[in-house]
Ligand code: LLP
């Protein structure tokens with residue numbers, strides 16, 4: 001019995017529905033592998049983050065970390081839901097521009113933004129540049145001078161707090177490639193540089209401690225640390241931060257054993273910690289910004305696959321192979337990430353066997369799940385992998401020259417393709433023949 005699927009998600013035929021659409025019909029109509037988002041769920045997540053700030057009467061921004069899933073349609077949904085977005089590349093920024101996303105609600109992150117990227121941000125009047133290093137401060141200063149422009153900035157600092165998560169997705173520890181170091185005085189030096197530049201309007205400070213975090217302690221710790229820095233900056237440099245941005249990283253449930261906190265609990269703890277610290281330090285209450293990515297799109301996403309071949313060896317766990325794999329979801333291979341998968345035509349069918357759910361890529365490590373309980377399956381059956389909406393499609397590749405899947409948005413019983421499936425022709429359209 002899968003604990004993640006509720007009775008409301010089954011239709012009269014007993015099939016899994018996504019956004020009110022029958023998953024088997026989606027697979028037949030759009031083909032597999034297919035990425036499907038339940039758009040109402042995306043909206044609900046954004047709204048539940050926003051609601052807590054509003055109930056507490058705190059100035060805020062919920063800035064969707066679009067690296068989790070970036071597509072024109074996604075920026076359009078974020079725009080309608082009054083979210084901000086953060087982008088980390090010219091590509092994400094370009095996609096937001098194409099979606100007519102309001103540029104004043106965009107924050108630009110990254111630890112090595114190029115001159116071209118900064119120029120693009122300035123030309124398009126991006127809301128905030130999240131400054132990450134000294135090279136970038138100089139580069140931006142030059143771009144602003146040449147363009148005779150001004151822009152809002154925030155400083156990303158490394159708070160010296162490590163989150164209890166996979167080491168590749170930890171970012172807050174002192175030994176990190178991101179942000180200005182505190183202990184060595186780099187953050188103070190960066191602040192002085194920015195304050196001395198009339199073209200940069202210093203808005204506040206930012207930190208991000210990692211991803212897929214389940215405990216409140218890390219967020220309370222980073223909130224406290226950022227307020228301490230803000231108080232030090234006021235005392236030392238007569239500068240008061242208007243915004244404290246605690247980043248993203250709110251954990252979600254991938255498997256039934258995961259018990260994440262609700263958005264309300266995370267935000268409530270952050271607000272309380274910042275209120276307490278600012279009043280202790282005699283600072284006025286800043287605006288609080290958060291940057292959730294995974295928690296907004298992860299639980300709303302499903303990957304649909306069709307079962308193909310199978311390998312049984314006596315004494316070994318069988319391999320059941322689907323028509324996708326590490327090209328559309330590299331997370332199991334890269335992070336040993338776990339997911340749950342159900343038979344789309346009967347998600348609550350009793351489990352008959354435990355299998356390795358294998359991908360079709362030419363690599364032994366291309367296993368989507370090492371131990372998946374499933375009913376009996378046969379070639380042609382549709383499987384739905386749950387909670388795949390974050391960092392699945394956005395990290396997809398064309399490994400083995402497999403086309404990337406289509407992405408469908410489903411809401412209120414209607415489904416629309418929002419990213420087309422790549423064709424074989426798409427795979428070669430950048431290739432040029434070699435004249436020998
Ligand atoms: N803000 C900043 C500055 C970040 O670097 C990130 C994620 C976020 C916000 C959003 O974090 P989230 O709420 O999504 O946890 N590819 C990895 C995750 C890398 C996260 C990178 N930064 C994965 O598949 O787990």
Using alpha-carbon coordinates, inclination of helix 39-55 to the longest axis of the chain, degrees: 30
Packing rank of 22-33, 6-17, 220-231, where each peptide gets the mean count of other beta carbons within 10 Å, highest leading: 220-231, 22-33, 6-17
Prolate/oblate/rounded label for segment 77-222 (Cα gyration tensor, a/c 1.5): oblate
On Cα atoms only, tilt of 216-237 relative to the major axis of the chain in degrees: 20
Peptide ranges 139-149, 315-325, 121-131 listed from the most packed, as the mean C-beta count within 10 angstrom indicates: 121-131, 315-325, 139-149
By average C-beta atoms within 10 angstrom, highest first, the peptides 262-271, 98-107: 262-271, 98-107
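Report the antiparallel proportion of the DSSP beta bridges in the chain as a percent, rounded to a multiple of 5.
45
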Label-to-label distance, nm, for residues given as residue 362 and residue 285 (7 Å Cα→Cβ offset): 6.1
Rounded to 5, the percent of DSSP beta bridges in segment 39-293 classed as antiparallel: 5
Calculated on alpha-carbon atoms, Rg and Dmax of the chain in Å: 23.1, 73
Normalised convex hull volume, segment 39-293, alpha-carbon set, Å³ per residue: 118
Overall form of segment 361-414 per C-alpha gyration tensor (a/c, 1.5; a/b vs b/c): oblate
Between helix 263-281 and the chain: long-axis angle, C-alpha atoms, 0 to 90°, nearest 10: 10
Cα gyration tensor, segment 281-328 - rounded (a/c under 1.5), prolate or oblate: prolate
Value of relative contact order over segment 39-293, rounded to a whole percent, pairs C-alpha under 8 Å and six or more apart: 19
Counting DSSP beta bridges with both ends in segment 319-411, the antiparallel % (nearest 5): 75
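Every number in this text was worked out from the coordinates using simple rules, so none of it is lab data. Since this is a predicted model, take the numbers as computed values, not measurements. Every residue, glycine as well, gets a Cβ built from its backbone with ideal geometry; the counts of neighbours run over all protein chains shown.
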